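Working notes for the structure below.
FYI, it's all coordinate maths here, none of it is from the lab. Predicted model, so just to flag it, every value in this text is computed and none were measured. Please note: Cβ atoms are built from the backbone with ideal geometry, for glycine as well, and neighbour counts cover all protein chains shown.
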Amino acid sequence: MNVGQTLNSYINGEFADSGKYFDNTNPVDGSLICKVSEASREQVDQAVKSARVALKSEWGAMSVQDRAALLHRVADRMAEREAEFISAEIADTGKPLATVKTIDIPRGTANFRFFADLVRYQGEESFRTTTPTGENALNYTVSKPLGVVAVISPWNLPLLLSTWKIAPALACGNTVILKPSEETPSTATLLAEVMHEVGVPAGVFSVVHGFGPDSAGEFLTSHDQVDAVTFTGESGTGSRIMQAVAPTVKPISFELGGKNAAVVFADCDLEEAIAGVARSTFTNCGQVCLCTERVYVERPVFERFVAGLKEKAEALCIGRPYDEGVSMGPLVSKGHQQKVMSYFEIARQEGATFVTGGGVPSFNDDRDQGAFIEPTILCDLGDQARFNREEVFGPVCHVSPFDTEAEVVERVNDTVYGLAACIWTQDLDRAHRVAPQIETGIVWVNTWYLRDLRTPFGGMRLSGIGREGGQHSLAFYSEPTNICIKLK
Ligand code: NAD
Ligand code: 6OD
């Protein structure tokens, strides 16, 4: 892929232009990166049909061992082309080089290797049965692919989050159609090139570019020949996709939004807690679904905590992705910058105190056309304030004091979301007592975003449906058939 070239969809083993284009812009300075060809309804239909055919082709007949080996070749080739993946992800997102180099791209290859290895050693259940009337049988389970899986992915961790679903879906023998975010089409296109280069058969993996409503996203999720939809994105979009799949009752896996809390007890290692909350709030400019937006601090350490967090926020170096020492890039787009700024305005009207930030930094160069925003800390809002209830998805948190354990558990759980939470304490009994009371899919104690790909990942309430990770992914991406043989 050459920088500046038009990005096409990848359908049935070929790159295809639709004749209709949208702009892919650089959030650092608003410049045009390239044009992207928006897949038509006919092209999406073609992708689905070729994915159906591919299910019955050499791909369908391939042994698990060969499939796993092919996925390792995908990872190998991604590693060989790592520099291109890095520069493509940076162009689309504006993230600092160090972040893309250590998180986004390595996790992309790791996702393929992990699921290739996992599926290789996968067993199947069997039960020897004796009924109360003395009949004997052997039950065993055969796992089959679901069929054609639609993967709809967001812009915040483009390669990491799309491959988190593509890899297990392929490992289980499905065919996959990816609809990447319109904001970040580049690494998805590179991945299609890699699949082509290593010989993934035509139709097994396709990429359709475009938007959601009345575009590739909707064409795909409402297609009656798609067997399952796996989606990462906003809760409202999840709800619309649920309606689109309802007529054909497709299996869905949803990783959605959050309004994640961190609880800082007075007995914590305060320096570690401050550094940890700074990381969980400001990483990737706050654009990780797991980022902290609500912080509850036990009253005796409240003032010291806020002062320490302010110091960390003001020490962040905002700038261009490739500049030395830069720790925070822009938001993904001007549109998202406006959304985050609108929440700052809501917070102002609700009476928030801005401890730091709250605006757009001024550079007096081309970055003023970019989507930068200041790291921001707020205090003095009530728990019912809109700012404390809705997901902002920017580099911002609200900090409030609490007095008792029971009070803070109730306040943390008082939300329509349920994705992740962090507890900062040195009291092991308290950690074990509080963590299970938190109503989220993930609770971290004295850390944040420490990942083991075998663990269940996902959220409750508006934060999602189902869990992926390790066996949970293999369970979602396959269809079990129980075979019961009567024994004499
Ligand atoms: P989004 O919901 O706007 O878009 C996600 C994807 O869905 C994009 O590819 C988009 O084109 C597509 N889409 C939009 N409308 C659609 C429709 N009607 N039908 C089919 N597809 C449609 O989300 P985003 O702004 O790209 O990402 C940010 C959001 O994602 C945040 O809410 C964040 O919390 C959430 N997120 C959650 C997780 C998680 O693991 N829980 C991970 C990352 C991001
Ligand atoms: O690390 C992962 O596997 C994962 N799904 C992360 C999600 C991050 C949300 O933005």
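Remarks
- Sorted largest first, the principal axis extents computed over the alpha-carbon atoms of the stretch 1-147 equal 75, 39, 27 Å.
- Added length on full extension, which subtracts the Cα-Cα distance from 0.36 nm per residue, Thr481 to Thr102: 132.4 nm
- Of Lys259/Lys334; Lys20/Lys339; Lys101/Lys144; Lys49/Lys334; Lys95/Lys144, those spanning more than 29 Å from alpha-carbon to alpha-carbon: Lys101/Lys144; Lys49/Lys334; Lys95/Lys144
- Summarising the label geometry, the points placed 7 Å from Cα in the beta-carbon direction at Tyr21 and Gln225 lie 3.0 nm from one another.
- Only Cα sites of the stretch 222-376 enter the Debye sum here, all with the same form factor; the resulting log10 I(q)/I(0) across q = 0.21 1/Å is -1.34, listed in q order.
- Alpha carbon convex hull of the stretch 25-80, projected area averaged over orientations, nm²: 6.5
- Taken over the chain, the convex hull of the Cα atoms encloses 161 Å³ per residue.
- Order by protection proxy (mean Cβ within 10 Å, highest first), peptides 134-142, 371-379, 244-252: 371-379, 244-252, 134-142
- Multiplying the residue separation of Lys49 and His432 by 0.36 nm and removing their Cα-Cα distance gives an extension gain of 132.8 nm.
- Under 15 Å from the Thr353 label point (7 Å along Cα→beta-carbon), backbone N, the stretch 385-410: 398-402
- Using distinct alpha-carbon pairs, which all enter the 1/r mean, Kirkwood radius of the stretch 229-306 in Å: 14.8
- When the helices of the chain are scored as -39500 (n - 2.57) per DSSP H run of n ≥ 4 and the total is divided over every residue, the value at 222 nm lands at -11000 deg cm²/dmol.
- When peptides 155-167, 208-220, 315-327 are sorted by average Cβ neighbour count within 10 Å, with the highest value leading, the order is 155-167, 208-220, 315-327.
- Computed label-point distance, nm, for sites Thr6 and Asp380 using a 7 Å Cα→Cβ extension: 5.5
- Value of relative contact order over the chain, rounded to a whole percent, pairs C-alpha under 8 Å and six or more apart: 18
- Diffusion constant of the stretch 331-488 at 10 °C, which comes from Stokes-Einstein with the Kirkwood Cα-pair radius and 1.306 mPa s, µm²/s: 84
- Gyration tensor analysis over the Cα atoms of the stretch 57-130 returns equivalent ellipsoid semi-axes of 35, 15, 9 Å (largest first, whole Å).
- Virtual paramagnetic centre 7 Å along Cα→Cβ of Glu405, amide N under 15 Å, in the stretch 251-292: 263-268
- Estimated Rh, the stretch 300-382: Kirkwood, alpha-carbon pairs, angstrom: 14.0
- DSSP bridge pairs, the chain: antiparallel proportion in percent, nearest 5: 45
- Segment Val249..Asp269, full-extension length gain: 2.3 nm, with 0.36 nm per residue of separation and the alpha-carbon distance subtracted.
- More than 27 Å apart - percent of Cα-Cα pairs taken over the stretch 89-224: 33
- Efficiency of FRET from Cβ geometry, Glu124 and Ser57, R₀ 25 Å, rounded to 0.05: 0.55
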